[in-house]
Amino acid sequence: MFSCSPKQLIRPLVRDLHAYVPGEQPKLAGLIKLNTNENPYPPSPRVLAAVRAAVDGRLRLYPNPTAHGLREKLAGLHGCRPENIIVGNGSDELLALATRAFVEPRQKAEGRWEKAEGGRQNAEGEERPAKATVQYFTPSYSLYPVLADIQGAAKNAVPLKLDFGLPGVAELKGGRQWNFNAALTFVTTPNAPSGRGYRTAELENLCRAQQGVVVLDEAYVDFAGENALKLALKLPQVLVARTFSKAYSLCFQRVGYFVGHAELIAALDKIRDSYNVNGLGQIAAAATLDDLKFYRANFKKIIATREWLSNKLAKPGFRVLPSQTNFILAQPPKFPAKDWLQKLREHKILVRWFSAPETRDYLRITIGTRAEASALVAAARKIVSK
């Protein structure tokens with residue numbers, strides 16, 4: 001007779017876990033959705049046609065297990081080999097795989113150090129938690145600490161500068177918190193939720209100083225002035241993460257990829273799920289790469305709307321931070337940002353608010369169409385005038 005509570009069957013680590021909280025997906029019609037950084041424009045007609053054409057008897061078959069055709073196309077785009085690329089069920093899957101592949105669970109790592117070096121250092125003189133440490137700047141993607149917790153790893157969250165800029169290597173060395181030996185370091189570039197862009201030169205300086213794996217998470221890079229993809233092919237410890245969701249209107253299909261050294265990619269490939277990328281997603285992503293001119297025109301429209309909206313919101317008193325993404329971080333006037341969240345919802349507009357101390361005075365606003373941006377500006381003016 002089963003006598004214990006089902007809760008007791010769950011690992012303590014999982015019982016205590018605080019799961020990632022995605023942006024609200026509205027159930028009501030008629031809302032303007034500016035809260036999850038989706039592209040306001042649909043996929044290209046060629047992509048839609050390719051997906052429709054694939055809805056046939058192939059649905060009974062498994063897709064290509066390694067997304068080989070898509071990897072070949074991506075390799076041609078980025079000037080590397082397919083062995084330098086792994087495709088995932090969104091880049092989130094690959095971030096999780098990196099945590100599993102490169103970071104020891106903390107208890108296992110500490111036990112190893114205790115046996116070898118009395119719990120202080122390993123044979124190479126590294127600090128005890130390094131091999132079990134997931135490191136990232138704050139604020140950044142809120143999934144990173146969740147991935148560390150799932151792995152049972154140590155978290156090292158280090159603040160960005162007050163303007164959300166990236167601390168330099170000398171500054172990090174002068175402090176005591178940053179760990180240059182951390183097993184895995186995530187850097188969101190451009191940063192989310194601030195939208196702040198980083199120069200490739202400063203990212204390279206940081207990557208060269210790190211002794212562990214560095215993932216440069218470039219989910220929003222198509223809206224920025226420069227990217228750091230070359231670092232993944234130049235430095236053996238660097239992986240660059242990309243996604244087809246934000247810029248290429250394929251959130252529904254969940255396709256992302258890593259670029260990096262073949263040995264790191266092979267390690268990730270060992271532990272990925274079989275058939276991890278659905279067949280329609282592979283077809284949609286491959287067709288996207290055949291129509292980049294269409295998407296680059298959309299990037300320009302989104303960037304133009306971003307600048308237009310930033311200027312318009314400044315007039316009723318919003319403090320809008322510079323952005324290199326498809327969203328802006330804005331400090332609203334007159335009322336606390338959390339109150340604005342509800343006030344805008346009353347105008348049928350969804351934006352996002354984060355409770356962390358660094359961001360609780362701001363709203364994160366996705367760049368929609370010009371019509372959606374105009375509706376937001378009109379609503380903001382009405383709220384301020386009350």
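Bear in mind these aren't lab numbers, they're just calculated from the coordinates by the rules spelled out. Since the structure is predicted, the reported quantities are computational estimates derived from the model, not experimental observations. Ideal geometry is used to build each Cβ from the backbone, glycine not excepted, and the neighbour counts take in all protein chains shown.
Cα centroids of the stretch 292-318 and the stretch 80-100: 30 Å apart.
State, to one decimal in nm², a quarter of the convex hull surface area for the C-alpha atoms of the stretch 259-349, i.e. the direction-averaged projected area.
Mean projected area of the Cα convex hull: 10.2 nm².
For the stretch 207-331, the number of Lys pairs with C-alpha atoms closer than 19 Å, counting only pairs eight or more positions apart or on separate chains, is 6. Packing, taken as the mean count of other beta carbons within 10 Å per residue, orders the peptides 90-98, 163-171, 42-50 from highest to lowest as 90-98, 42-50, 163-171. A straight chain from residue 176 to residue 52 at 0.36 nm per residue would run longer than the Cα-Cα distance by 39.1 nm. In the chain the Cα-Cα distances spread across 10 Å bins starting at 0 as 5, 21, 30, 26, 14, 4, 0 percent of all pairs. May I ask for the percentage of alpha-carbon pairs in the stretch 151-232 that lie more than 22 Å from each other? More than 22 Å apart: 22 percent of the Cα pairs in the stretch 151-232.
Sparsely packed loop sites in the stretch 1-107 (the chymotrypsin sites (Phe, Trp or Tyr not before Pro) outside DSSP H, G, I, E and B with at most 13 other Cβ atoms within 10 Å) comprise 2.
Once the convex hull of all Cα atoms in the stretch 20-91 is built, its volume per residue stands at 190 Å³.
Placing dummy labels 7 Å off each Cα toward the beta-carbon, the span from residue 273 to residue 252 is 2.0 nm. What are the aspartates and glutamates whose alpha-carbon lies under 14 Å from the alpha-carbon of residue 338, with same-chain residues fewer than 8 places away excluded? Reachable aspartates and glutamates: 346, 358, 361.
With each label modelled as a point 7 angstrom along the Cα→C-beta vector, the residue 205-residue 75 pair spans 3.6 nm. Note on the chain: GNM, Cα springs under 10 Å; of 271, 32, 328, the largest mean-square fluctuation is that of 271. Can you give me the Cα centroid spacing of the stretch 17-65 and the stretch 186-263 in angstrom? So the two Cα centres are separated by 22 Å.
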